[in-house]
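Following: one structure in C-alpha coordinates, then a few remarks.
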Amino acid sequence: MILLDVAMAHKRNFVCIESSFATAASLLKKNYQMMFAKAWNFHFDTDDTSLGPTIGNRISYGKWERKALLEQYHGIRVNRLQGTGSSEVVETAERELSKGLPVVIRYDSSFSPWAREADRQSRFLTMFLIVGLDDNGVYCIDLHYTKSRGYIPMDDFLQGCSSSYTTFTDLHEEISLLDWRDIAGPAATHLLEKNNSRNAFDSMNCLADYINFHFNYELELHGETNVVGYPLIYSNPSDLGRGRGLFASTLKYLAGICKAESLVEPANRLYYAESQWMLISSELMKAYLNGKIDNDNLKSSLAARVKAIAALEEQTAASLHKICRDGILCNKTTQCREAAIPATGGTETVLVNLTGYLNNKGFGRLENGDATPDLTGTGEFFLAEGLLEDQLWKVGDMEFSFPAPDRNANDNISCQNQVVNLPCGRYRRLMILGCAEFGVFNVPLLIHYASGEKDEVMIEFIDWGSKDLPKITEAQRPVVAWEGLGLEKNRANENKTARYIYAYQHELQCSSFMESIVLPDCRNVHLFAISLTKMSD
(Lines give C-alpha, C1' and ligand atoms only; values in the text may rest on other atoms or scores of the structure.)
Protein backbone atom coordinates (compact mmCIF):
# COMPACT_ATOMS: atom_id res chain seq x y z
CA MET A 1 0.00 0.00 0.00
CA ILE A 2 1.08 3.60 -0.74
CA LEU A 3 -0.52 6.47 1.18
CA LEU A 4 0.76 10.05 1.16
CA ASP A 5 0.71 11.93 4.46
CA VAL A 6 -1.02 15.08 3.21
CA ALA A 7 -4.12 17.13 3.93
CA MET A 8 -5.85 19.24 1.32
CA ALA A 9 -4.32 22.72 1.02
CA HIS A 10 -7.40 24.87 0.77
CA LYS A 11 -8.18 28.57 1.07
CA ARG A 12 -11.70 29.96 1.18
CA ASN A 13 -11.55 31.38 -2.37
CA PHE A 14 -9.87 28.40 -4.06
CA VAL A 15 -11.60 26.32 -6.68
CA CYS A 16 -10.82 22.61 -6.91
CA ILE A 17 -7.94 22.82 -9.37
CA GLU A 18 -6.19 25.51 -7.31
CA SER A 19 -6.51 23.35 -4.20
CA SER A 20 -4.89 20.46 -6.11
CA PHE A 21 -1.97 22.69 -7.19
CA ALA A 22 -1.48 23.99 -3.65
CA THR A 23 -1.62 20.46 -2.18
CA ALA A 24 1.00 19.23 -4.64
CA ALA A 25 3.18 22.22 -3.74
CA SER A 26 2.88 21.44 -0.04
CA LEU A 27 4.04 17.85 -0.69
CA LEU A 28 7.08 19.28 -2.46
CA LYS A 29 7.60 21.66 0.48
CA LYS A 30 7.09 24.66 -1.77
CA ASN A 31 4.87 27.73 -1.93
CA TYR A 32 2.24 28.43 -4.58
CA GLN A 33 1.08 32.03 -4.11
CA MET A 34 2.81 33.38 -7.22
CA MET A 35 0.43 31.44 -9.46
CA PHE A 36 -2.11 34.24 -8.82
CA ALA A 37 0.16 37.07 -10.00
CA LYS A 38 -2.14 37.75 -12.99
CA ALA A 39 -5.51 37.22 -11.31
CA TRP A 40 -6.39 40.95 -11.13
CA ASN A 41 -8.06 41.72 -14.43
CA PHE A 42 -11.25 43.05 -16.00
CA HIS A 43 -12.87 43.24 -19.41
CA PHE A 44 -16.35 44.30 -20.50
CA ASP A 45 -17.46 43.94 -24.13
CA THR A 46 -20.03 46.51 -25.25
CA ASP A 47 -19.70 45.98 -29.00
CA ASP A 48 -19.96 42.29 -29.90
CA THR A 49 -23.55 41.83 -31.14
CA SER A 50 -23.16 38.05 -31.16
CA LEU A 51 -23.15 38.10 -27.35
CA GLY A 52 -26.87 38.89 -27.35
CA PRO A 53 -28.85 41.00 -24.87
CA THR A 54 -27.45 39.61 -21.61
CA ILE A 55 -24.75 41.36 -19.56
CA GLY A 56 -23.28 38.40 -17.64
CA ASN A 57 -21.48 36.92 -20.65
CA ARG A 58 -20.00 40.31 -21.60
CA ILE A 59 -17.98 40.41 -18.35
CA SER A 60 -14.68 38.52 -18.32
CA TYR A 61 -11.61 38.32 -16.14
CA GLY A 62 -8.83 37.27 -18.51
CA LYS A 63 -6.37 34.39 -18.38
CA TRP A 64 -4.71 33.96 -15.00
CA GLU A 65 -1.95 31.66 -16.36
CA ARG A 66 -1.83 29.71 -13.09
CA LYS A 67 0.03 26.73 -14.59
CA ALA A 68 2.71 28.85 -16.26
CA LEU A 69 3.26 30.97 -13.15
CA LEU A 70 3.42 27.92 -10.87
CA GLU A 71 6.19 26.56 -13.08
CA GLN A 72 8.00 29.88 -13.51
CA TYR A 73 8.18 30.90 -9.87
CA HIS A 74 7.75 27.66 -7.90
CA GLY A 75 9.32 25.13 -10.27
CA ILE A 76 6.26 22.88 -10.48
CA ARG A 77 5.04 21.75 -13.90
CA VAL A 78 1.40 20.73 -14.33
CA ASN A 79 0.91 17.96 -16.91
CA ARG A 80 -2.62 17.50 -18.21
CA LEU A 81 -2.90 14.15 -20.00
CA GLN A 82 -5.49 12.15 -21.89
CA GLY A 83 -5.23 8.42 -21.21
CA THR A 84 -6.84 5.39 -22.79
CA GLY A 85 -8.94 4.42 -19.78
CA SER A 86 -9.24 4.27 -16.00
CA SER A 87 -6.77 1.35 -15.75
CA GLU A 88 -4.07 3.63 -17.14
CA VAL A 89 -4.95 6.19 -14.44
CA VAL A 90 -4.39 3.54 -11.75
CA GLU A 91 -1.02 2.58 -13.25
CA THR A 92 0.00 6.23 -13.44
CA ALA A 93 -1.14 6.85 -9.87
CA GLU A 94 1.01 3.98 -8.58
CA ARG A 95 4.05 5.41 -10.35
CA GLU A 96 3.45 8.99 -9.19
CA LEU A 97 2.57 8.08 -5.61
CA SER A 98 5.84 6.15 -5.33
CA LYS A 99 7.57 9.49 -6.10
CA GLY A 100 5.53 11.21 -3.39
CA LEU A 101 3.22 13.06 -5.78
CA PRO A 102 -0.59 12.97 -6.14
CA VAL A 103 -2.66 12.66 -9.32
CA VAL A 104 -5.71 14.79 -10.17
CA ILE A 105 -8.71 13.11 -11.80
CA ARG A 106 -12.25 13.86 -12.89
CA TYR A 107 -14.68 11.49 -11.22
CA ASP A 108 -18.36 10.66 -11.62
CA SER A 109 -19.76 11.61 -8.20
CA SER A 110 -22.40 8.88 -8.32
CA PHE A 111 -19.67 6.24 -7.83
CA SER A 112 -18.20 7.70 -4.63
CA PRO A 113 -19.28 6.00 -1.36
CA TRP A 114 -20.01 9.38 0.27
CA ALA A 115 -22.12 10.76 -2.59
CA ARG A 116 -25.36 12.49 -1.67
CA GLU A 117 -28.55 11.37 -3.35
CA ALA A 118 -28.58 14.52 -5.48
CA ASP A 119 -25.07 13.66 -6.72
CA ARG A 120 -26.16 10.15 -7.66
CA GLN A 121 -29.02 11.55 -9.69
CA SER A 122 -27.04 14.31 -11.45
CA ARG A 123 -23.87 12.25 -12.09
CA PHE A 124 -21.86 15.39 -11.56
CA LEU A 125 -18.21 15.17 -12.67
CA THR A 126 -16.20 16.32 -9.67
CA MET A 127 -12.47 16.57 -9.03
CA PHE A 128 -10.53 14.16 -6.83
CA LEU A 129 -6.88 14.00 -5.81
CA ILE A 130 -5.45 10.46 -5.63
CA VAL A 131 -3.23 10.27 -2.52
CA GLY A 132 -3.10 6.53 -1.85
CA LEU A 133 -3.54 3.11 -3.40
CA ASP A 134 -3.73 -0.56 -2.46
CA ASP A 135 -4.84 -3.74 -4.23
CA ASN A 136 -8.48 -3.23 -3.29
CA GLY A 137 -9.08 0.45 -3.77
CA VAL A 138 -7.95 4.05 -4.01
CA TYR A 139 -7.60 6.81 -1.40
CA CYS A 140 -8.85 10.13 -2.75
CA ILE A 141 -9.31 13.66 -1.42
CA ASP A 142 -12.66 15.02 -2.60
CA LEU A 143 -11.60 18.52 -3.67
CA HIS A 144 -15.14 19.75 -4.25
CA TYR A 145 -17.49 18.40 -1.61
CA THR A 146 -16.04 16.83 1.55
CA LYS A 147 -12.52 18.31 1.17
CA SER A 148 -11.25 15.27 3.06
CA ARG A 149 -9.84 11.83 2.27
CA GLY A 150 -12.04 8.85 1.50
CA TYR A 151 -11.56 5.29 0.26
CA ILE A 152 -13.13 4.03 -2.98
CA PRO A 153 -13.26 0.28 -3.76
CA MET A 154 -11.36 -0.51 -6.95
CA ASP A 155 -14.40 -1.66 -8.97
CA ASP A 156 -16.26 1.56 -8.20
CA PHE A 157 -13.17 3.63 -8.92
CA LEU A 158 -12.65 2.06 -12.36
CA GLN A 159 -16.27 2.83 -13.27
CA GLY A 160 -16.30 6.41 -12.01
CA CYS A 161 -12.85 7.61 -13.10
CA SER A 162 -12.49 9.44 -16.41
CA SER A 163 -9.50 8.75 -18.66
CA SER A 164 -8.06 12.27 -18.38
CA TYR A 165 -5.75 13.09 -15.49
CA THR A 166 -3.13 15.57 -14.26
CA THR A 167 0.33 14.89 -12.85
CA PHE A 168 3.05 17.16 -11.43
CA THR A 169 6.78 17.44 -12.16
CA ASP A 170 9.30 19.03 -9.80
CA LEU A 171 11.51 20.95 -12.25
CA HIS A 172 13.66 23.27 -10.15
CA GLU A 173 13.91 25.15 -6.88
CA GLU A 174 11.40 27.93 -6.48
CA ILE A 175 12.63 31.48 -7.03
CA SER A 176 13.27 33.09 -3.69
CA LEU A 177 14.97 36.30 -4.87
CA LEU A 178 12.08 38.26 -6.36
CA ASP A 179 11.84 41.93 -7.27
CA TRP A 180 8.34 42.77 -6.12
CA ARG A 181 8.30 45.93 -8.25
CA ASP A 182 8.69 43.87 -11.42
CA ILE A 183 5.66 41.77 -10.45
CA ALA A 184 3.20 44.14 -8.80
CA GLY A 185 4.02 47.13 -11.02
CA PRO A 186 3.05 45.58 -14.38
CA ALA A 187 -0.18 44.25 -12.86
CA ALA A 188 -1.26 47.78 -11.94
CA THR A 189 0.05 49.33 -15.16
CA HIS A 190 -1.86 46.80 -17.28
CA LEU A 191 -5.14 47.93 -15.71
CA LEU A 192 -4.36 51.65 -15.84
CA GLU A 193 -3.19 51.73 -19.46
CA LYS A 194 -5.79 52.79 -21.98
CA ASN A 195 -6.72 50.52 -24.87
CA ASN A 196 -8.99 52.11 -27.51
CA SER A 197 -9.41 55.15 -25.23
CA ARG A 198 -10.47 53.06 -22.18
CA ASN A 199 -8.63 51.42 -19.34
CA ALA A 200 -10.04 48.65 -17.13
CA PHE A 201 -11.68 51.12 -14.77
CA ASP A 202 -13.30 53.06 -17.60
CA SER A 203 -14.69 49.68 -18.70
CA MET A 204 -16.10 49.11 -15.20
CA ASN A 205 -17.90 52.44 -15.45
CA CYS A 206 -19.17 51.40 -18.90
CA LEU A 207 -20.53 48.25 -17.25
CA ALA A 208 -22.34 50.39 -14.68
CA ASP A 209 -23.89 52.53 -17.42
CA TYR A 210 -24.80 49.43 -19.44
CA ILE A 211 -26.57 47.97 -16.39
CA ASN A 212 -28.59 51.18 -15.99
CA PHE A 213 -29.79 51.03 -19.61
CA HIS A 214 -29.93 47.33 -20.48
CA PHE A 215 -30.20 45.17 -17.37
CA ASN A 216 -33.07 42.65 -17.46
CA TYR A 217 -32.88 40.08 -14.70
CA GLU A 218 -35.25 37.61 -16.32
CA LEU A 219 -33.07 37.53 -19.44
CA GLU A 220 -29.94 37.07 -17.34
CA LEU A 221 -31.44 34.09 -15.49
CA HIS A 222 -32.13 32.30 -18.78
CA GLY A 223 -28.89 33.34 -20.47
CA GLU A 224 -25.59 31.54 -20.75
CA THR A 225 -24.38 29.57 -17.70
CA ASN A 226 -20.98 28.49 -16.38
CA VAL A 227 -19.74 24.90 -16.18
CA VAL A 228 -21.78 24.09 -13.06
CA GLY A 229 -24.97 25.71 -14.34
CA TYR A 230 -24.95 29.14 -12.64
CA PRO A 231 -26.03 32.12 -14.78
CA LEU A 232 -22.98 34.18 -15.75
CA ILE A 233 -24.48 37.26 -14.09
CA TYR A 234 -23.81 35.43 -10.79
CA SER A 235 -20.58 33.60 -11.55
CA ASN A 236 -18.57 36.20 -13.46
CA PRO A 237 -18.79 38.94 -10.77
CA SER A 238 -18.01 36.26 -8.19
CA ASP A 239 -14.92 35.19 -10.15
CA LEU A 240 -13.87 38.83 -10.52
CA GLY A 241 -13.98 39.09 -6.74
CA ARG A 242 -12.10 35.84 -6.34
CA GLY A 243 -9.34 37.14 -8.57
CA ARG A 244 -8.95 40.27 -6.45
CA GLY A 245 -8.62 38.19 -3.29
CA LEU A 246 -6.11 35.81 -4.86
CA PHE A 247 -3.97 38.62 -6.26
CA ALA A 248 -4.07 40.20 -2.81
CA SER A 249 -2.65 36.95 -1.41
CA THR A 250 0.22 37.25 -3.92
CA LEU A 251 0.90 40.78 -2.69
CA LYS A 252 0.93 39.54 0.91
CA TYR A 253 3.33 36.75 -0.08
CA LEU A 254 5.65 39.29 -1.75
CA ALA A 255 5.36 41.60 1.24
CA GLY A 256 6.60 38.78 3.44
CA ILE A 257 9.46 37.31 1.42
CA CYS A 258 10.63 40.68 0.06
CA LYS A 259 10.06 42.61 3.31
CA ALA A 260 7.91 45.05 1.30
CA GLU A 261 5.48 46.36 3.92
CA SER A 262 4.15 48.91 1.45
CA LEU A 263 2.26 46.13 -0.39
CA VAL A 264 0.01 45.41 2.60
CA GLU A 265 -2.29 48.41 2.13
CA PRO A 266 -3.13 47.76 -1.57
CA ALA A 267 -3.61 44.09 -0.71
CA ASN A 268 -6.20 45.09 1.91
CA ARG A 269 -7.93 47.35 -0.62
CA LEU A 270 -8.20 44.39 -2.99
CA TYR A 271 -9.60 42.13 -0.27
CA TYR A 272 -12.30 44.76 0.18
CA ALA A 273 -12.88 44.92 -3.59
CA GLU A 274 -13.31 41.14 -3.50
CA SER A 275 -16.09 41.56 -0.95
CA GLN A 276 -17.79 44.23 -3.06
CA TRP A 277 -17.91 41.98 -6.15
CA MET A 278 -19.24 39.18 -3.93
CA LEU A 279 -21.98 41.54 -2.73
CA ILE A 280 -23.14 41.96 -6.33
CA SER A 281 -23.51 38.18 -6.74
CA SER A 282 -25.18 37.99 -3.34
CA GLU A 283 -27.68 40.74 -4.14
CA LEU A 284 -28.64 39.02 -7.39
CA MET A 285 -28.99 35.63 -5.71
CA LYS A 286 -31.12 37.05 -2.92
CA ALA A 287 -33.47 38.71 -5.40
CA TYR A 288 -33.92 35.35 -7.11
CA LEU A 289 -34.46 33.43 -3.87
CA ASN A 290 -37.04 35.95 -2.68
CA GLY A 291 -38.97 35.65 -5.93
CA LYS A 292 -39.60 39.40 -5.90
CA ILE A 293 -37.45 40.98 -8.56
CA ASP A 294 -37.72 44.77 -8.74
CA ASN A 295 -35.68 45.24 -11.89
CA ASP A 296 -35.44 49.06 -11.67
CA ASN A 297 -34.27 49.16 -8.06
CA LEU A 298 -31.96 46.21 -8.60
CA LYS A 299 -30.20 47.69 -11.60
CA SER A 300 -29.70 51.08 -9.95
CA SER A 301 -28.22 49.39 -6.88
CA LEU A 302 -25.90 47.20 -8.98
CA ALA A 303 -24.77 50.11 -11.15
CA ALA A 304 -23.94 52.24 -8.10
CA ARG A 305 -21.92 49.43 -6.54
CA VAL A 306 -19.95 48.80 -9.77
CA LYS A 307 -19.07 52.51 -9.95
CA ALA A 308 -17.90 52.42 -6.32
CA ILE A 309 -15.76 49.35 -7.04
CA ALA A 310 -14.26 51.08 -10.10
CA ALA A 311 -13.22 54.05 -7.95
CA LEU A 312 -11.80 51.79 -5.23
CA GLU A 313 -9.81 49.64 -7.64
CA GLU A 314 -8.51 52.55 -9.72
CA GLN A 315 -7.25 54.27 -6.57
CA THR A 316 -5.63 50.99 -5.50
CA ALA A 317 -3.95 50.49 -8.89
CA ALA A 318 -2.64 54.08 -8.89
CA SER A 319 -1.29 53.63 -5.36
CA LEU A 320 0.37 50.33 -6.26
CA HIS A 321 1.87 51.86 -9.40
CA LYS A 322 3.33 54.71 -7.33
CA ILE A 323 4.64 52.31 -4.67
CA CYS A 324 6.42 50.22 -7.31
CA ARG A 325 7.84 53.30 -9.00
CA ASP A 326 8.97 55.17 -5.88
CA GLY A 327 9.21 52.42 -3.26
CA ILE A 328 7.17 54.49 -0.79
CA LEU A 329 5.91 53.07 2.47
CA CYS A 330 2.37 52.75 3.77
CA ASN A 331 0.30 55.94 4.17
CA LYS A 332 1.06 57.05 7.71
CA THR A 333 -2.42 58.47 8.31
CA THR A 334 -4.14 55.18 7.58
CA GLN A 335 -2.01 52.40 8.96
CA CYS A 336 -2.56 48.78 7.95
CA ARG A 337 -2.73 46.72 11.13
CA GLU A 338 -2.87 42.97 10.77
CA ALA A 339 -0.27 41.40 13.02
CA ALA A 340 0.12 44.11 15.62
CA ILE A 341 2.20 43.47 18.71
CA PRO A 342 -0.22 43.41 21.67
CA ALA A 343 -0.09 46.50 23.81
CA THR A 344 0.63 45.97 27.48
CA GLY A 345 -1.43 46.80 30.53
CA GLY A 346 -5.11 47.46 31.03
CA THR A 347 -7.81 44.88 31.68
CA GLU A 348 -11.00 46.92 32.13
CA THR A 349 -13.57 46.23 29.42
CA VAL A 350 -15.86 48.93 28.04
CA LEU A 351 -19.10 47.57 26.54
CA VAL A 352 -20.18 49.82 23.65
CA ASN A 353 -23.90 50.65 23.59
CA LEU A 354 -25.12 49.81 20.05
CA THR A 355 -28.85 50.28 20.69
CA GLY A 356 -29.22 53.23 18.33
CA TYR A 357 -27.40 51.47 15.50
CA LEU A 358 -29.21 48.10 15.39
CA ASN A 359 -30.98 47.79 12.03
CA ASN A 360 -31.49 44.05 11.48
CA LYS A 361 -33.32 41.27 13.28
CA GLY A 362 -31.34 38.05 13.12
CA PHE A 363 -32.91 36.04 15.98
CA GLY A 364 -36.42 34.59 16.15
CA ARG A 365 -38.41 31.83 17.78
CA LEU A 366 -40.34 28.94 16.31
CA GLU A 367 -43.64 30.37 17.48
CA ASN A 368 -45.05 33.34 15.57
CA GLY A 369 -44.03 36.76 16.84
CA ASP A 370 -44.90 40.36 16.10
CA ALA A 371 -41.71 40.93 14.11
CA THR A 372 -40.32 38.67 11.41
CA PRO A 373 -36.63 37.78 11.86
CA ASP A 374 -34.57 37.81 8.67
CA LEU A 375 -30.79 37.96 9.00
CA THR A 376 -29.99 37.42 5.33
CA GLY A 377 -32.83 39.10 3.47
CA THR A 378 -34.01 35.69 2.25
CA GLY A 379 -35.92 34.66 5.38
CA GLU A 380 -33.10 32.87 7.21
CA PHE A 381 -32.48 33.58 10.90
CA PHE A 382 -30.90 32.32 14.11
CA LEU A 383 -33.19 30.42 16.47
CA ALA A 384 -33.34 32.24 19.80
CA GLU A 385 -33.89 28.93 21.59
CA GLY A 386 -30.52 27.97 22.99
CA LEU A 387 -29.27 31.52 23.51
CA LEU A 388 -27.50 32.26 26.75
CA GLU A 389 -29.86 33.76 29.32
CA ASP A 390 -27.21 36.20 30.49
CA GLN A 391 -26.71 39.14 28.13
CA LEU A 392 -23.12 39.45 29.37
CA TRP A 393 -21.16 37.02 27.21
CA LYS A 394 -17.68 35.90 28.21
CA VAL A 395 -15.58 34.40 25.44
CA GLY A 396 -12.11 33.52 26.71
CA ASP A 397 -10.80 36.78 28.13
CA MET A 398 -13.28 38.85 26.09
CA GLU A 399 -16.59 40.28 27.33
CA PHE A 400 -19.59 41.47 25.31
CA SER A 401 -23.04 42.88 25.93
CA PHE A 402 -25.33 40.82 23.68
CA PRO A 403 -28.63 42.45 22.61
CA ALA A 404 -31.74 41.05 24.31
CA PRO A 405 -33.58 38.78 21.82
CA ASP A 406 -36.81 40.80 21.84
CA ARG A 407 -39.31 39.69 19.18
CA ASN A 408 -40.13 43.31 18.42
CA ALA A 409 -36.58 44.71 18.34
CA ASN A 410 -33.54 44.57 16.09
CA ASP A 411 -30.54 42.72 17.48
CA ASN A 412 -27.61 43.38 15.11
CA ILE A 413 -26.04 45.89 12.75
CA SER A 414 -26.06 45.09 9.05
CA CYS A 415 -23.02 47.14 8.02
CA GLN A 416 -23.69 50.03 5.65
CA ASN A 417 -21.02 52.66 6.37
CA GLN A 418 -22.47 53.60 9.77
CA VAL A 419 -20.35 55.76 12.08
CA VAL A 420 -20.46 54.24 15.57
CA ASN A 421 -19.54 56.78 18.26
CA LEU A 422 -17.46 55.35 21.10
CA PRO A 423 -16.97 56.31 24.73
CA CYS A 424 -13.95 58.59 24.34
CA GLY A 425 -10.94 56.91 25.84
CA ARG A 426 -7.57 55.28 25.25
CA TYR A 427 -7.90 51.62 24.30
CA ARG A 428 -5.51 48.80 23.52
CA ARG A 429 -7.90 46.18 22.11
CA LEU A 430 -11.00 46.11 19.91
CA MET A 431 -13.37 43.12 20.26
CA ILE A 432 -16.36 42.28 18.06
CA LEU A 433 -19.13 39.69 18.05
CA GLY A 434 -20.28 39.11 14.50
CA CYS A 435 -20.62 36.97 11.40
CA ALA A 436 -21.20 37.19 7.68
CA GLU A 437 -23.78 35.53 5.43
CA PHE A 438 -23.64 34.43 1.78
CA GLY A 439 -19.88 33.95 2.06
CA VAL A 440 -16.76 35.21 3.84
CA PHE A 441 -16.13 38.96 3.68
CA ASN A 442 -12.77 40.61 4.34
CA VAL A 443 -13.58 44.24 5.15
CA PRO A 444 -12.01 47.32 6.79
CA LEU A 445 -13.16 49.08 9.95
CA LEU A 446 -11.81 52.63 10.12
CA ILE A 447 -11.04 53.95 13.61
CA HIS A 448 -10.97 57.73 14.17
CA TYR A 449 -8.97 59.28 17.00
CA ALA A 450 -9.36 62.69 18.64
CA SER A 451 -5.86 63.56 17.44
CA GLY A 452 -6.97 63.21 13.81
CA GLU A 453 -5.14 59.93 13.36
CA LYS A 454 -6.85 56.99 11.70
CA ASP A 455 -6.27 53.28 12.05
CA GLU A 456 -7.65 50.70 9.66
CA VAL A 457 -8.50 47.25 10.96
CA MET A 458 -9.05 44.48 8.41
CA ILE A 459 -11.31 41.68 9.66
CA GLU A 460 -12.27 38.52 7.81
CA PHE A 461 -15.89 37.96 8.82
CA ILE A 462 -16.75 34.28 8.54
CA ASP A 463 -20.00 32.93 7.12
CA TRP A 464 -22.49 32.05 9.86
CA GLY A 465 -22.64 28.47 8.60
CA SER A 466 -18.89 27.76 8.67
CA LYS A 467 -16.36 26.67 11.28
CA ASP A 468 -13.49 27.11 8.82
CA LEU A 469 -11.58 29.72 10.82
CA PRO A 470 -8.77 31.62 9.07
CA LYS A 471 -5.22 30.67 10.05
CA ILE A 472 -3.79 33.98 11.24
CA THR A 473 -1.72 34.99 14.25
CA GLU A 474 -2.96 33.65 17.59
CA ALA A 475 -3.51 37.17 18.91
CA GLN A 476 -5.87 37.93 16.02
CA ARG A 477 -7.53 34.52 15.61
CA PRO A 478 -11.36 34.52 15.76
CA VAL A 479 -13.15 31.96 17.91
CA VAL A 480 -16.64 30.51 17.88
CA ALA A 481 -18.52 32.49 20.53
CA TRP A 482 -21.87 30.75 20.16
CA GLU A 483 -23.11 27.67 18.33
CA GLY A 484 -26.81 27.34 17.73
CA LEU A 485 -29.33 26.61 15.01
CA GLY A 486 -30.64 28.52 12.04
CA LEU A 487 -33.92 28.18 10.19
CA GLU A 488 -35.49 29.48 7.01
CA LYS A 489 -39.03 30.76 7.49
CA ASN A 490 -41.85 28.61 6.14
CA ARG A 491 -39.66 25.50 6.37
CA ALA A 492 -40.22 22.51 8.62
CA ASN A 493 -38.21 22.10 11.81
CA GLU A 494 -36.16 19.25 10.36
CA ASN A 495 -34.42 21.81 8.11
CA LYS A 496 -32.66 23.44 11.04
CA THR A 497 -28.95 23.97 10.38
CA ALA A 498 -25.93 24.59 12.62
CA ARG A 499 -25.08 28.31 12.75
CA TYR A 500 -22.37 30.31 14.49
CA ILE A 501 -21.45 33.71 15.88
CA TYR A 502 -17.74 34.52 16.16
CA ALA A 503 -15.64 36.67 18.46
CA TYR A 504 -12.91 38.76 16.84
CA GLN A 505 -10.19 40.77 18.55
CA HIS A 506 -7.62 43.21 17.30
CA GLU A 507 -4.74 44.76 19.21
CA LEU A 508 -4.52 48.54 18.73
CA GLN A 509 -1.31 50.55 18.54
CA CYS A 510 -2.39 54.17 18.70
CA SER A 511 -2.39 55.65 22.23
CA SER A 512 -4.60 58.64 21.32
CA PHE A 513 -8.19 58.99 22.51
CA MET A 514 -10.54 56.98 20.30
CA GLU A 515 -13.72 58.65 19.04
CA SER A 516 -15.55 56.48 16.49
CA ILE A 517 -15.50 53.51 14.14
CA VAL A 518 -16.72 53.70 10.53
CA LEU A 519 -18.24 50.36 9.55
CA PRO A 520 -17.73 48.93 6.05
CA ASP A 521 -20.22 49.21 3.20
CA CYS A 522 -21.05 45.52 3.35
CA ARG A 523 -24.58 44.63 4.44
CA ASN A 524 -23.74 40.91 4.53
CA VAL A 525 -21.56 41.55 7.60
CA HIS A 526 -23.48 41.58 10.89
CA LEU A 527 -22.24 42.92 14.24
CA PHE A 528 -23.95 41.96 17.50
CA ALA A 529 -21.61 43.64 19.98
CA ILE A 530 -18.47 45.78 20.22
CA SER A 531 -16.19 45.99 23.27
CA LEU A 532 -12.94 47.76 24.06
CA THR A 533 -10.17 47.10 26.56
CA LYS A 534 -8.88 50.22 28.28
CA MET A 535 -5.22 51.14 28.11
CA SER A 536 -3.40 51.66 31.39
CA ASP A 537 -2.81 55.30 32.32
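Numbers at a glance
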read-out: Criterion violated by Lys11 - all others in (1) without any contact (Cβ under 8 Å) to a residue 24 or more places away in the chain; (2) part of a loop (DSSP other than H, G, I, E, B) satisfied; value: (1)
read-out: Any hit, the stretch 154-169, residues being without any contact (Cβ under 8 Å) to a residue 60 or more places away in the chain and under 30 Å from the mean Cα position of the chain (by Cα); value: no
read-out: Tabulated pairs, the stretch 457-468, first within 20 Å of Tyr272 (Cα to Cα), second surrounded by 21 or more Cβ atoms within 10 Å (Cβ to Cβ) and among the acidic types (Asp, Glu), C-beta under 8 angstrom, 6+ apart or interchain; value: Asp463/Glu437; Trp464/Glu437
read-out: Cβ pairs under 6 Å, 6+ apart, first in the stretch 223-249 and crowded, with 24+ Cβ neighbours inside 10 Å and modelled with pLDDT under 90, second part of a helix (DSSP H, G or I) and hydroxyl-bearing (Ser, Thr, Tyr); value: none
read-out: Unmet criterion (only one of (1) of a type in the set (D, E, K, R); (2) at pLDDT 95 or above; (3) under 19 Å from the mean Cα position of the chain (by Cα)) for Glu283; value: (2)
read-out: Conditions (1) at pLDDT 90 or above; (2) under 30 Å from Asp209 (Cα atoms); (3) surrounded by 15 or more Cβ atoms within 10 Å (Cβ to Cβ): number failed by Asn13; value: (1)
read-out: Elements of type strands (runs of 3 or more DSSP E) in the stretch 413-453, at least 2 residues being without any contact (Cβ under 8 Å) to a residue 24 or more places away in the chain and not acidic (Asp, Glu); value: none
read-out: Which numbered condition Lys30 misses (of (1) more than 21 Å from Trp180 (Cα to Cα); (2) open to solvent by less than 40 Å² (accessible area, probe 1.4 Å)); value: (1)
read-out: Those residues of the stretch 364-408 which are outside any loop (DSSP other than H, G, I, E, B) and touching a Gly at 6+ places or on another chain (Cβ under 9 Å), in sequence order; value: Glu380, Phe381, Phe382, Leu383
read-out: Single unsatisfied condition, Met154 versus (1) open to solvent by 60 Å² or more (accessible area, probe 1.4 Å); (2) farther than 13 Å from Leu4 by Cβ; value: (1)
read-out: Complete set of residues in the stretch 190-205 that are on the phi < 0 side of the Ramachandran plot and open to solvent by 40 Å² or more (accessible area, probe 1.4 Å); value: His190, Leu192, Glu193, Lys194, Asn195, Arg198, Asp202, Asn205
read-out: Failed condition for Ser466, given (1) within 21 Å of Asn359 (Cα to Cα); (2) among the polar types (S, T, N, Q); (3) in contact with a strand residue (DSSP E or B) (Cβ under 8 Å, 6 or more places away or on another chain); value: (1)
read-out: Answer from Ala436, Ala404 - the residue that is open to solvent by 20 Å² or more (accessible area, probe 1.4 Å) and under 15 Å from Ala529 (Cα atoms); value: Ala404
read-out: Every residue from the stretch 19-49 that is over 16 Å from Gly75 (Cα atoms) and among the charged types (D, E, K, R); value: Lys38, Asp45, Asp47, Asp48
read-out: Verdict on Gln391 being among the polar types (S, T, N, Q), surrounded by 15 or more Cβ atoms within 10 Å (Cβ to Cβ), at pLDDT below 95 and farther than 23 Å from Ser282 by Cβ; value: no
read-out: Contacts under 7 angstrom Cβ, first residue in the stretch 520-537 being within 20 Å of Glu348 (Cα to Cα) and open to solvent by 10 Å² or more (accessible area, probe 1.4 Å), partner part of a strand (DSSP E or B) and among the charged types (D, E, K, R), 6 or more apart; value: Met535/Arg428
read-out: Total residues in the stretch 276-330, condition of a type in the set (Ser, Thr, Tyr) and buried (at least 21 other Cβ atoms within 10 Å of the Cβ); value: 3
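Here is a yes/no grid of residues against (1) within 23 Å of Thr347 (Cβ to Cβ); (2) surrounded by fewer than 16 Cβ atoms within 10 Å (Cβ to Cβ); (3) in contact with a helix residue (DSSP H, G or I) (Cβ under 6 Å, 6 or more places away or on another chain):
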| residue | (1), (2), (3) |
| --- | --- |
| Asn412 | no, no, no |
| Leu430 | yes, no, no |
| Phe461 | no, no, no |
| Val479 | yes, yes, no |
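The values are calculated or read from the model by the stated rules, or taken from the named source; none is laboratory data. None of these values were measured; they are calculated from a predicted model. Because the Cβ atoms are built from the backbone with ideal geometry, glycine has one as well, and the counts that use them run over all protein chains shown. The accessibility values were calculated without ligands, DNA or RNA, using every heavy atom of the protein model including side chains. Shrake-Rupley method; radii C 1.70, N 1.55, O 1.52, S 1.80 Å.
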